[in-house]
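Enquirer: For reference, the structure I am asking about is given below.
The values are calculated or read from the model by the stated rules, or taken from the named source; none is laboratory data. All figures in this text were calculated on a predicted structure; none of them were measured in a lab. We place every Cβ from the backbone using ideal geometry, glycine too, and count neighbours over all the protein chains shown. SASA here: full protein model, heavy atoms, side chains in, ligands and nucleic acids out. Shrake-Rupley method; radii C 1.70, N 1.55, O 1.52, S 1.80 Å.
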Amino acid sequence: MNPLKKRSRKMRKVYLDNGATTRVDERVAKAMLPYFTKYYGNASSIHQFGSKVEEDLKKARETIAKEINAEADEIIFTSGGTESDNLAIKGIVEGKKGKIITSKIEHPAVLETCKYLEKKGYEVKYLDVDREGFVKLKDLEKEIDKNTLIVSIMHANNEIGVIQDIAKIGEICRKKKVVFHTDAVQSFKKIKIDVKKMNLDLVSLSAHKINGPKGIGALYVREGLGLKPLFHGGHQEFGLRVGTENIAGIIGFAEAVKLQMDVEKIKKLRDKLIGGILKKIPNTKLNGSREKRICNNANISFENVEGESILMHLDFKGIAVSTGSACMAKDLKPSHVLTAMGLNMKECHGSIRFSLDKFSTEEDVNYLLDVLPDIIKKLREISPLK
Ligand SMILES: *Cc1c(COP(=O)(O)O)cnc(C)c1O
């Protein structure tokens, strides 16, 4: 037998890129299947095929609403986080003139939407963050004026995992009567979200970051907000997101929401990973607040090495990680998040995001801690960055 083949078959596969997407839980996949071949009716149809699907759609909507303490008719199903972010911001500012406030560390779905709207004539303020990755609330308060149409600040950051105080931001916005949108794609199910207690008006969610299927998400839209739709040509989703519903996706999303996330287990593994790397490998640094970060994220800078080289060498060993956000992975621009935090070019380029989930194991982390020190040592030896 070819020895190479044998080796590759035996190689351990470790997925530490759950910030990009997660594995679908078997129970989710199982729940979805009947909606392709058995319950294939259109929820809008009056007959039994339709009403069965309509009933199940209603239950799924209630499941997701309950998870964030919303009402069922405040949940709008979309194609995912990107669409929810677009719908939230464009849907509020449409037909109005004024200002949008966001931060420099938002996901591209928010940042690029804001840049597009800036070209259309809206004023956009991109708030700075501090060295730990937090938006300064004083800056936010100062920026909100009578022209402000919407504030969009994410809950947990996808690159560094830092958690913003959205309850406080919600309070500020509600007091000043400004609409508040938060992208909670990374935090959903990992941190408790209560739209009422936190004074949230719009919340973006996505299924594939919580062991659900890709291509389905939701936007929480507070009752009476007067959001305008992006699409026309139907009546689905209260007219706010028309088109025949992705019913299998919606069923899968609701199933994923019902599952346990195991936050404490993930956090323990994450802490072992961070502690192990910082202890075993010199000249490494954790990016973003140590305390206020989501349970599954570790973003670490390795001095004098290129993040892309680390990624590729880990890939040879069967370990999947990411440099910055998945959307940035194909170009070599430094991360906008790390740059906003004041890291220099060298620190940005040598950064890796390790992101775990409930399927991650102690053996996965041990294996990483086994192979990574050697990889970094070798890369540093040949590094032109020294
Ligand atoms: C993944 C992600 C998105 C995009 O969600 P999709 O469902 O992939 O469109 C938006 N915001 C954040 C913070 C994300 O992590």
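Enquirer: Under unit Cβ charges (Lys, Arg +1; Asp, Glu -1), what dipole magnitude, rounded to 20 debye, does the range 100-168 have relative to its Cα centre?
Expert: 180
Enquirer: Stretched out fully, how many nm does the piece from Ala29 to Lys168 gain, at 0.36 nm a residue minus the Cα gap?
Expert: Contour length minus the Cα-Cα distance gives 46.3 nm.
Enquirer: Sorted by average packing, counted as other Cβ atoms within 10 angstrom per residue and highest first, what order do 106-113, 171-178, 243-250 take?
Expert: Listed from highest to lowest mean packing, they are 106-113, 243-250, 171-178.
Enquirer: How compact is the range 85-242 by the rule of thumb for globular proteins, expressed as Cα Rg over 2.2 N^0.38 Å?
Expert: 0.99
Enquirer: Answer rounded, prolate or oblate for the range 274-386, using the Cα gyration tensor with square roots of eigenvalues a ≥ b ≥ c: rounded when a/c is under 1.5, else prolate when a/b is larger than b/c, else oblate.
Expert: rounded
Enquirer: Within the range 54-127, which chymotrypsin sites (Phe, Trp or Tyr not before Pro) sit in a loop by DSSP and count at most 10 neighbouring Cβ atoms inside 10 Å?
Expert: Filter output for the range 54-127: empty list.
Enquirer: Nearest 20 debye, what's the magnitude of the dipole of the range 255-299 about its Cα centre given +1 on Lys and Arg Cβ and -1 on Asp and Glu Cβ?
Expert: I would put it at about 240 debye.
Enquirer: Picking from Asn86, Val135, Val371, whose Cα lies most toward the positive end of the charge dipole for the chain (charges on Cβ: Lys, Arg +1; Asp, Glu -1)?
Expert: Val371
Enquirer: Using Cα pairs under 8 angstrom and six or more residues apart, how large is the relative contact order of the chain, in percent?
Expert: That works out to 22 percent.
Enquirer: Using only the alpha carbons of the range 200-331, what is the convex hull's orientation-averaged projected area in square nanometres?
Expert: Quarter of the Cα hull surface area: 11.7 nm².
Enquirer: Kindly identify the range 1-160 as rounded, prolate or oblate by the Cα gyration tensor criterion: order the square roots of the eigenvalues as a ≥ b ≥ c, call it rounded if a/c is under 1.5, otherwise compare a/b with b/c, prolate if a/b is larger, else oblate.
Expert: Since a/c reaches 1.5 but b/c is at least a/b, the shape of the range 1-160 is classed as oblate.
Enquirer: Per residue of the chain, what 222 nm ellipticity follows from adding -39500 (n - 2.57) for every DSSP H run with n ≥ 4, rounded to the nearest 500?
Expert: Calculated from helices alone, the mean residue ellipticity at 222 nm is -12000 deg cm²/dmol.
Enquirer: Can you give the charge dipole size of the chain about its Cα centre, rounded to the nearest 20 debye, using +1 on the beta carbon of Lys and Arg and -1 on the beta carbon of Asp and Glu?
Expert: The calculation lands at about 780 debye.
Enquirer: At a 10 angstrom cut-off on C-beta neighbours, averaged per residue, how do the peptides 35-47, 354-366 rank from highest to lowest?
Expert: By packing density, highest mean first, the sequence is 354-366, 35-47.
Enquirer: Quick one: if the Förster radius is 41 Å, what FRET efficiency do Asp374 and Thr21 give, using the C-beta to C-beta distance and rounding to 0.05?
Expert: Step by step, r from the Cβ atoms, then E = 0.90.
Enquirer: Extending each Cα 7 Å along its Cβ direction at Tyr40 and Arg12, get the distance between those two points in nm, one decimal.
Expert: 4.4
Enquirer: Okay, next question. Assuming a ≥ b ≥ c are the square roots of the Cα gyration tensor eigenvalues, decide whether the range 10-77 counts as rounded (a/c under 1.5), prolate (otherwise, with a/b larger than b/c) or oblate.
Expert: Here the range 10-77 falls in the oblate category.
Enquirer: Compute the projected area of the convex hull of the Cα atoms of the chain, averaged over all viewing directions, and report it in nm² to one decimal place.
Expert: Dividing the Cα hull surface by four gives the mean projection, 21.2 nm².
Enquirer: Show me, for the range 151-160, the HN-Hα J-couplings you get by feeding each phi into the Karplus relation (A = 6.51, B = -1.76, C = 1.60, θ = phi - 60°), rounded to Hz, glycine and proline as x.
Expert: Couplings: 10, 10, 10, 6, 7, 10, 6, 6, 8, 10 Hz.
Enquirer: Moving on to the next point. Accessible area per residue of the range 173-267 at 1.4 Å probe, in Å²?
Expert: 40
Enquirer: With unit charges on the beta carbon (Lys/Arg positive, Asp/Glu negative), name the residue among Ser187, His208, Cys173 whose Cα is farthest towards the positive pole of the charge dipole of the range 144-264.
Expert: Of Ser187, His208, Cys173, it is Cys173.
Enquirer: If you don't mind, there's one more thing I want to ask. Multiply the residue gap between Phe49 and Glu291 by 0.36 nm, knock off their C-alpha separation, and tell me the result in nm, one decimal place.
Expert: Taking Phe49 through Glu291 to full extension adds about 82.1 nm, to one decimal.
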